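A short write-up of the structure that comes next.
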Amino acid sequence: MGEFFTSAVLVSTVASGLRLSTSYLFAAVGETFGQRSGVLNLGVDGIMLLGAFGAYYTVLNGGGLWLGMVVAITVGLVMGLAMAFTSVTLQAEQGISGIGFYLFGLGLSDLLFQKLVGTPLPIRGFPELRIPFLADLPVVGEMLFSHSIVVYAAFLLVPVAAFVLNRTTLGLKIRSVGENPEAADTLGVSVAGVRYLTVMTGSALAGLGGAALATELGIFQQNLTAGQGFIAVALVYFGAWRPVGVMAGSLLYGLVASVVLQLKTLGIIPRSASELAAMLPAVLTILALVVAVQRERQPAALTKPYERGA
């Protein structure tokens, strides 16, 4: 166990944990917007899969990494539009429709992969971008300031999202629609318009999260996300519907997953217990989620459709 507590291993573990938390962070911050407006999207994992494949296939065919990200965001927007139409306009039960979108994304991404690619082929992801001066700091520099631009973007998204939700007129509208859509409607706020906007924004970020995962790993395969979208939804509850809290949850999950991977790599966790150890991040997230939900109140109108004049 002593070999784990060396400087090089600890630095590598923390840096890996930050990278692992990136895809969760994109998806969970996006889902925060939707839930704050009253819409629960359980299709996040399917949207991430389609975004991941869109970015992967674009890069694989020479489209470039940035174009791959644009494709992933576009895929997310289209899926978000369909989800918003189903949940907001048709007022379908959000949990069931969300699972339907997840299954659609899972099946379509696998079908497209089998038909268009067939076998996993590697792609080159974003290069490491060292922040001048900061990256040269001992220990901290390699941990925090030697990542790809996607990692930096995910963490910069947190203060931006917090500012939008808490300091802008749009944020006030989102929060009011999620708490009391009747009152918001009386004040002239378009409940449907706000919910469409937040669901589409959240889905675009979910698609970006899938793209971040595919480009970080440099590969795509069936069910690449392995349920990350559902963890992202849980992290919104863990973070009490606040971007900073969501970031804390994403970091917790990413760091625990990184520690488990490092212990397996070093042979500290025996092969016979590796599957059990792989469950540890999810178990810790569930325990933290139980504690968080007991302390915090969800948006009052979450999962509740609104019909004007009803």
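No lab work stands behind these numbers, since they all come straight from the coordinates. All of these numbers come straight from a predicted model, not from anything done at the bench. As a convention, Cβ positions derive from the backbone with ideal geometry for all residues, glycine included, and neighbour counts pool all protein chains shown.
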Exercise. Rounded if a/c is under 1.5, else prolate if a/b is larger than b/c, else oblate: which is the stretch 183-264, with a ≥ b ≥ c the root eigenvalues of its Cα gyration tensor?
Worked result: oblate
Problem set entry | Amide N of the stretch 97-123 lying under 12 Å from the label point, which is placed 7 angstrom from the Cα of Asn61 along Cα→Cβ | 113, 116-117
Seminar exercise, completed: Rounded to 0.05, the calculated FRET efficiency for the beta carbons of Lys304 and Leu112 at R₀ = 25 Å is 0.10
Exercise. Where is the GNM fluctuation largest for the chain (alpha-carbon springs, 10 angstrom cutoff): Ala234, Ala153, Ala211?
Worked result: Ala153
For this session: May I ask for the percentage of alpha-carbon pairs in the stretch 16-295 that lie more than 24 Å from each other?
Result: 51
Seminar exercise, completed: Shape descriptor, the stretch 1-152: equivalent ellipsoid semi-axes (Cα gyration tensor, sqrt 5λ, whole Å, largest first) stand at 34, 20, 15
Exercise. Can you give the angle from 0 to 90° between the axis of helix 94-116 and the longest principal axis of the chain, with both taken from C-alpha atoms, to the nearest 10?
Worked result: 50
Exercise. Cα extents of the stretch 1-61 along the three principal axes, largest first, in whole Å?
Worked result: 47, 37, 15
Seminar exercise, completed: Relative to the chain, whose Cα atoms define the longest principal axis, helix 44-60 and its Cα axis are tilted in degrees, nearest 10, by 60
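Using the Cα centre as the reference, give the magnitude of the dipole from point charges on the C-beta atoms of the chain (Lys, Arg: +1; Asp, Glu: -1; all else neutral), rounded to the nearest 20 debye. Each step should come with its number before you reach the end.
Numbers: 16 positive and 15 negative charges, 56 e Å.
The dipole magnitude comes to about 280 debye.
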Exercise. Long-range amide H contacts for Arg130: which residues qualify at under 5 Å (H placed 1.01 Å from N, peptide plane, sequence gap of 5 or more or a different chain)?
Worked result: none
Problem set entry | Vicinal HN-Hα couplings computed from phi for the stretch 24-29 (Karplus, 6.51 cos²θ - 1.76 cosθ + 1.60; Hz; Gly/Pro x) | 4, 5, 4, 5, 6, 5
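Determine by what factor the alpha-carbon radius of gyration of the stretch 42-110 differs from 2.2 N^0.38 Å, reporting the quotient.
Details: Rg = 12.9 Å, N = 69, 2.2 N^0.38 = 11.0 Å.
Rg over 2.2 N^0.38 Å, computed on Cα atoms: 1.17.
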Exercise. Who wins for biggest fluctuation among Ala206, Ala72, Ala184 in a Gaussian network model of the chain, springs between alpha carbons below 10 Å?
Worked result: Ala184
Exercise. Can you give the percent of C-alpha pairs in the stretch 70-172 whose distance is more than 23 Å?
Worked result: 58
Exercise. Could you state the number of Å between the C-alpha centres of the stretch 205-243 and the stretch 106-137?
Worked result: 14
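Give the shape of the stretch 82-241 as rounded, prolate or oblate, defined through the alpha-carbon gyration tensor: a ≥ b ≥ c are the square roots of its eigenvalues, a/c under 1.5 means rounded, and otherwise the shape is prolate if a/b is larger than b/c and oblate if not. Please list the in-between numbers first.
On the way: a/c = 2.85, a/b = 1.26, b/c = 2.25.
Since a/c reaches 1.5 but b/c is at least a/b, the shape of the stretch 82-241 is classed as oblate.
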For this session: Identify which of Arg167, Arg242, Arg130 has the largest mean-square fluctuation in a Gaussian network model of the chain, with springs joining Cα atoms closer than 10 Å.
Result: Arg167
Problem set entry | Given charges at beta-carbon only (K, R positive; D, E negative), |dipole| of the stretch 87-181 in Debye | 240
Seminar exercise, completed: Sequence order, the stretch 158-169: Karplus ³J(HN,Hα) from phi using 6.51 cos²θ - 1.76 cosθ + 1.60, θ = phi - 60°, Hz rounded, Gly and Pro as x, gives 4, x, 5, 5, 5, 5, 4, 6, 10, 10, 10, 4
